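Worksheet for the structure shown next.
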Amino acid sequence: MNGLRLAYYKLSPELLQGFRAVKEGLEKSSLDLLLIELIYLRVSQINGCSFCLNKHSQTLREHQETERRLAELAGWRVSSQFSPREKAALEWAEALTHVVTTHADDYAYLPLKDYFKDQEISDLTFAIALMNGMNRLAIGMRQ
């Protein structure tokens, strides 16, 4: 089957509004918008969501993210382009996205405490959960 399977955004607008409310809340959080977008992009890389990959890489470019950082995002662990704070957030994003194998163990969680306040860790976790949910909608419905 090619193309959109179901217009979920028309069929379930009230449910999609919940996702939008989380996104709007994150935009008001103390987390940096570029960090949130970087997390969205990395989660979308892992999940293979082409719609979200395009959307979030475009948003990052609009906010003057460098091509080098975009190119090296998948290899962030060995890249010198990402700060320790960003690396802690990316580790947590990967641990939650691969939760079936990582179980969100302390190795991924504890470094967050060095760089983020508790509220920010909570908001970051919502950002990761939101993008995983949006990826599943977009991939499942072939957006």
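Which residues, taken from region 64-84, are hydroxyl-bearing (S, T, Y) and open to solvent by less than 50 Å² (accessible area, probe 1.4 Å)? Give the derivation first.
Step one: filter region 64-84 for residues hydroxyl-bearing (S, T, Y), giving 66, 79-80, 83.
Those that are hydroxyl-bearing (S, T, Y) and open to solvent by less than 50 Å² (accessible area, probe 1.4 Å): S79, S83.
Filter region 1-41 for residues that are closer than 22 Å to E91 by Cβ, surrounded by fewer than 18 Cβ atoms within 10 Å (Cβ to Cβ), touching a residue at least 24 places away in the same chain (Cβ under 8 Å) and not hydrophobic (A, V, I, L, M, F, W, C) and give the result.
S29, S30
If you take the residues in region 15-34 that are outside any helix (DSSP H, G or I) and among the small types (G, A, S), which one is nearest to M141 (Cα to Cα)? Show your work before the answer.
Initially, region 15-34 is screened for residues outside any helix (DSSP H, G or I), giving 28-32.
With among the small types (G, A, S) added as a condition, the list becomes 29-30.
Values: S29: 30, S30: 32 Å.
For region 15-34, the residue satisfying everything is S29.
Please pick out the residue among K87, K113, K117, K55 that is open to solvent by 50 Å² or more (accessible area, probe 1.4 Å), in contact with a Pro (Cβ under 9 Å, 6 or more places away or on another chain) and among the basic types (K, R). Please lay out each step first, then the result.
On the way: K113 fails: in contact with a Pro (Cβ under 9 Å, 6 or more places away or on another chain); K117 fails: in contact with a Pro (Cβ under 9 Å, 6 or more places away or on another chain); K55 fails: in contact with a Pro (Cβ under 9 Å, 6 or more places away or on another chain).
After ruling out the rest, the residue left standing is K87.
Considering every residue within region 7-14, establish whether at least one is part of a loop (DSSP other than H, G, I, E, B) and at pLDDT below 95.
So in region 7-14, the residues part of a loop (DSSP other than H, G, I, E, B) come out as 7, 12.
Now drop any that are not at pLDDT below 95, which leaves 7.
The answer is yes, given that some residue of region 7-14 is part of a loop (DSSP other than H, G, I, E, B) and at pLDDT below 95.
Name every residue in region 95-105 that is touching a residue at least 24 places away in the same chain (Cβ under 8 Å) and either small (G, A, S) or surrounded by fewer than 19 Cβ atoms within 10 Å (Cβ to Cβ) (or both), in order of residue number. Quick ask: steps written out before the conclusion?
Step one: of region 95-105, the residues touching a residue at least 24 places away in the same chain (Cβ under 8 Å) are 96-98.
Correct list: H98 only.
May I ask you to say which residue of S44, S50 is open to solvent by 20 Å² or more (accessible area, probe 1.4 Å), among the hydroxyl-bearing types (S, T, Y) and closer than 27 Å to L4 by Cβ? Spell out how you get there, then give the answer.
Details: S44 fails: open to solvent by 20 Å² or more (accessible area, probe 1.4 Å).
When all the criteria are applied, what remains is S50.
The values are calculated or read from the model by the stated rules, or taken from the named source; none is laboratory data. Keep in mind that what you see is a predicted model, and the values were worked out from it rather than measured. Glycine gets a Cβ as well: all are built from the backbone with ideal geometry, and neighbour counts include every protein chain shown. The area values use the complete protein model at the heavy-atom level, side chains included, leaving out ligands, DNA and RNA. Shrake-Rupley method; radii C 1.70, N 1.55, O 1.52, S 1.80 Å.
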